[in-house]
Amino acid sequence: MAHTAEIIAVGTELLLGNIANTNAQAISQSLSALGVNVFWHTVVGDNPERLREALDIARRRCDIILTTGGLGPTYDDLTKQTICEAFGQKLVFHPEILEEIRTFYESALHVPMPENNAQQAELPEGCVIFDNPVGTAPGCAFESGGVHVLMLPGPPHEMTTMLRRHAEPYLRRLSREVILSRDIMTFGMGESSVEELLRGEMARMVNPTLATYAKPSEVRLRATAKAASEAEAAAMLDPVERMVRDALGDIVYGVDVSGLAEVCLRLLAERKLTLATAESCTGGLAAERLTAIPGASRVYRGGVVSYWTSVKGDVLRVPREILDTYGPVSEPCARAMAEGARAVTGADIAVSVTGAAGPDPDERGVPVGIVYVGLATRSGTFCRSLDLGRRRRDRIQGLAANHAFDVVRRYLTGLPI
């Protein structure tokens, strides 16, 4: 039997927009892999009446309810009490859990436990207890009237830890199907163009399925299969991936990867090469994406953010005649910036980005969206000229950074730059 779940996030701060509901995203991804259908996300404030109403609706349309938030020690943390009232469950005090909470305060936080934390040791009678090694609020699960209710804490780190350690094993025992997804990442073609090329195949697919998702500056295709086992689902996805690669060619840059930066770092490590960056209009965005990946220091030597023209000349050694004749937003400047970054850092490869990100043209009247990406290597220097259109400034910067990584990827894999 296929299970249907609803996720109820509790917290007024979510409704006010003070924080994003990342917990629902993480839980949905987890449930999808477990073969549990998620049809509804609900967010309610710290209000018992509205939470009770949400629970009454959820129990009528699904057989799994997962809640996050409202398990803390303060007066407005009423999720547990409200759920127990709604399902006729009695709260039972667990002295051993209280001691665990007290120990956490003393050993991890080095402060005495406030007495109001004692209410966190009260849990539904007969429930499966989820311990919380990274926080004070334990979670739990129980079944009532054919509905499984799982309570998880609100802080994302605590929630994801408990989800992996306890909620997933609990739910895995309930589901007989596995849903497996594979993200096929592309760069260089818009979502509508990708969809047009694959529309016929996508329309015919039932299981597995294929859908396009526009990410900032690139397009992701998600292939999803439902089967009795992970191995069977993976076998169903293999021909889908081959079909996409055949249709889209070298704009496919990876599968189940975080982005182009990750692919570039892997390729550099495999070839034992180092990389440097020289950035103008992207303001260090490429460097930021690279250094956000653990292990980047093995291949990334460093970069220069040369926002001022004088820095391009003084630090990156761009010749004055290039800056005077062609300007800082030009192909000769992009080439010289890459060569300068390679010389300054001693890297095997250096990539540069210079352009007009807007909202106004540069001082020489170069239109918004004009970008040049340079690449300096042992075998020569290359340049990609781009007109990214009159987009928002952040969109131009994101696209320009991705083009820089795409140039590196193509060079390292022998593809046309």
Review point. What ranking, highest mean first, results for peptides 3-9, 142-148 when packing means the other Cβ atoms within 10 Å averaged over each residue?
Key: 3-9, 142-148
Point to revise | In segment 14-108, chymotrypsin sites (Phe, Trp or Tyr not before Pro) in a DSSP loop with at most 10 other beta-carbon atoms within 10 Å | key: Tyr75
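What is the dipole size for segment 70-134, taken about its Cα centre, with +1 at each Lys and Arg Cβ and -1 at each Asp and Glu Cβ, in debye to the nearest 20? It would help to have the intermediate numbers written out before the result.
Details: 3 positive and 11 negative charges, 20 e Å.
I would put it at about 100 debye.
With helices defined as uninterrupted DSSP H runs, which ones in the chain have an alpha carbon span along their own long axis of at least 24 Å and mean Kyte-Doolittle hydropathy of at least -0.5?
On the way: long enough: 230-248 (26 Å, 0.04); 393-413 (30 Å, -0.42).
Qualifying helices, which must be both long enough and hydrophobic enough, are 230-248, 393-413.
Kindly identify segment 115-183 as rounded, prolate or oblate by the Cα gyration tensor criterion: order the square roots of the eigenvalues as a ≥ b ≥ c, call it rounded if a/c is under 1.5, otherwise compare a/b with b/c, prolate if a/b is larger, else oblate. It would help to have the intermediate numbers written out before the result.
Values: a/c = 3.07, a/b = 1.42, b/c = 2.16.
Since a/c reaches 1.5 but b/c is at least a/b, the shape of segment 115-183 is classed as oblate.
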Review point. Which of Ile65, Leu268, Ala296 sits closest to the plus end of the dipole of the chain, meaning its Cα is farthest towards the positive end, when Lys and Arg get +1 and Asp and Glu get -1 on the C-beta?
Key: Leu268
Revision key, fill the gap. Ile129 neighbourhood, Cβ < 13 Å, K/R = +1, D/E = -1, net charge -3
Practice item. Specify the inter-centroid distance of segment 40-64 and segment 380-414, based on alpha-carbon positions, in whole Å. Key: 46
Revision key, fill the gap. Whole-Å distance linking the alpha carbon centroid of segment 107-140 with that of segment 152-212 is 32
Study note, to complete from the structure: Cβ-Cβ cut-off under 9 Å around Gly70, Lys and Arg +1, Asp and Glu -1: the net charge is -2
Practice item. Between Arg61 and Asn207, take the C-beta separation as r, use R0 = 25 Å, and let me know the FRET efficiency to the nearest 0.05. Key: 0.60
Study note, to complete from the structure: Taking only protein heavy atoms and a 1.4 Å probe, the highest-to-lowest accessible-area order of Arg165, Arg271 is Arg165, Arg271
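Counting Lys and Arg as +1 and Asp and Glu as -1, each charge on the Cβ, what is the dipole of segment 254-411 about the Cα centre in debye, to the nearest 20? Kindly include the intermediate steps, with their values, before the conclusion.
Details: 21 positive and 17 negative charges, 76 e Å.
Here the size comes out at about 360 debye.
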Review point. Residues of segment 344-359 with amide nitrogen under 17 Å from the 7 Å Cα-to-Cβ point of Arg317?
Key: 344-352
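Quick one, what does Rg over Rh come out to for segment 242-361 if you take C-alpha atoms and the Kirkwood Rh? Walk me through the numbers before you get to the answer.
On the way: Rg = 16.0 Å, Rh = 15.4 Å.
A ratio of 1.04.
How big is the charge dipole of the chain about its Cα centre, in debye rounded to the nearest 20, if each Lys and Arg gets +1 on its Cβ and each Asp and Glu gets -1 on its Cβ? List each step's numbers first, then the result.
Values: 43 positive and 51 negative charges, 305 e Å.
It comes to approximately 1460 debye.
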Check your understanding: Which of the cysteines found in the chain have nothing to pair with, since no other Cys Cβ lies under 4.7 Å from theirs?
Key -> Cys62, Cys84, Cys264, Cys281, Cys333, Cys383
Review point. Given (i) 155; (ii) 182; (iii) 173, which label gives volume of the Cα convex hull per residue in Å³ as computed from the coordinates?
Key: (ii)
Check your understanding: For the chain, which whole percent of the accessible surface, found with a 1.4 angstrom probe, sits on carbon and sulfur atoms?
Key -> 51
Point to revise | Most positive-pole-ward Cα, Val38, Leu15, Val92, against dipole of segment 1-95 from beta carbon charges | key: Val38
Review point. Once Rh is set to the Kirkwood radius over Cα pairs, what Stokes-Einstein translational diffusion coefficient, in µm²/s, holds for segment 8-57 at a temperature of 20 °C and a viscosity of 1.002 mPa s?
Key: 182
Point to revise | Relative packing of peptides 336-349, 225-238 - highest average C-beta neighbours within 10 Å first | key: 336-349, 225-238
Review point. Pulled fully out, how much extra length does the chain show between Tyr326 and Ser258, if you take 0.36 nm times their separation in residues and subtract their Cα-Cα distance?
Key: 20.8 nm
Exercise for review: Once you have a ≥ b ≥ c as the square roots of the Cα gyration tensor eigenvalues for segment 194-307, tell me rounded if a/c is under 1.5, and otherwise prolate or oblate according to whether a/b is larger than b/c.
Suggested key: prolate
Revision key, fill the gap. The summed charge of the Ser193 Cβ neighbourhood (under 13 Å; Lys/Arg +1, Asp/Glu -1) stands at -3
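The values are calculated or read from the model by the stated rules, or taken from the named source; none is laboratory data. As the structure is a prediction and not an experimental result, all values here were calculated from the model. A quick note on method: Cβ atoms are made from the backbone with ideal geometry, for glycine too, and the neighbour counts reach across all protein chains shown. To get the accessible areas, we keep the full protein, side chains included, count just its heavy atoms, and leave off ligands, DNA and RNA. Shrake-Rupley method; radii C 1.70, N 1.55, O 1.52, S 1.80 Å.
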